[in-house]
Each structure stands twice: as structure tokens, then as C-alpha cells.
Amino acid sequence: MTQVTKSPFEYCMVCASPTPPERVSDVPWLCSTACYRTFHGLDGPAVPAGDEAFTGDPSASPLCHDGVTMPCPICQRPFTPTGRQKFCSDGCRAAAYRRRRDAGRAPITVPKAKPRRPITVYECDSCGERAVGEQRCETCSTFMRRIGIGGECPSCSEPIAVGELLGEEAAT
């Protein structure tokens, strides 16, 4: 009876994935780029922290292409990634994008709105009286028409609009 000798490299040297029958040889076999980088010390360990290192028994550690779960970086829910998937759902992927996009932006501060009425000049259509900040004429008790932004003249203390000082083209 002839004895069949088994090759010592029937499994991936890092994660214990079974070697395809056509690849079994006396040369160490690595199943993926990740296992190659780990085997040659280019990355951290391929097995998650806390798992046993590969001992030669294929059932000792999880296979790298089987249903390994990882936590979603946004919601921390465990999920089984498909391909290069990093997030458990489209919602978490969108939330991560928004966090990255908004990380460098300074918050926009809108200045507090200032009321325009106290600096607005009004004129009564009935009697022609002007007032700053008052919409109702004291003489005839009717509402006045807005002339524009302005104030009291420093020399005569009469209400005057900025547009009147600069000309009609600068009216508000």
C-alpha cells in the first residue's frame, strides 16, 4: 500500500483558507493580497485582535473570505461586508460623507438682523412733514411714505435721507 504524503501548504499560511487543488505545492501559498502583506510584515495581523493565531488547524481561526463581520464605523452595528464595503447601509455611508465634507468648514454665523425703522426717514403725503423712525404723522395722524435710510441733519436737525444727499441714483 502506498502512502499519500500531504503537502504542508494545503492552507493559507495566514488565515487558513484552503488552497485550491491546482495550487497545492511545496511552496507557501497565500490566498489574498491582505494575507501576503501580513505574511511579509507589511500590515498588521490579518486575524482580528483576540483571535488565536493560525495553528495549522483550519477550524482554529475564521477564514478570511467567509462570513466575517465588522462593526460599521458610524453606527457600530456589526455587518458582513460585501467586496470593499465599509458601511452597513447607504444611510451610514452618506453620514460618513457628510462628516468628511463638513469637517473643514467653519460654522457660518449670520449677523443679527438690525431693525431699519429707527434709521428710516418718512414723509407725510398730506402735510409734507418728515420724521425719522416714526411712520405715523403727528400732525394729521396718517401713515407717512418711506423716503429712505437717513437721519437728522447735523446742522439744521431736519430729517434727511442719504439718497437725497448723494442724488437719486443712490436711493435705497
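Assorted remarks:
- Label-to-label distance, nm, for residues given as Glu152 and Cys140 (7 Å Cα→Cβ offset): 2.4 nm
- By the count of other C-beta atoms within 10 Å, a proxy for reagent exposure, Leu165, Leu30 are ordered fewest to most as Leu165, Leu30.
- Residue-count net charge about Arg116 - beta-carbon cut-off 14 Å; Lys, Arg +1, Asp, Glu -1: +3
- In terms of other Cβ atoms within 10 Å, Lys86, Lys112 run from fewest to most in the order Lys112, Lys86.
- Amide H to amide H distances under 5 Å link Phe79 with Met70, Cys72, where only residues 5 or more positions off or on other chains count and H is placed in the peptide plane.
- Sorting Ser126, Ser155, Ser17 by the number of Cβ atoms found within 10 Å of their own Cβ, with the fewest placed first, yields Ser155, Ser126, Ser17.
Every read-out reported here was derived from the displayed coordinates using simple, explicitly stated rules and does not represent laboratory data. Since we're looking at a predicted model, the values are computed, not measured. We place every Cβ from the backbone using ideal geometry, glycine too, and count neighbours over all the protein chains shown.
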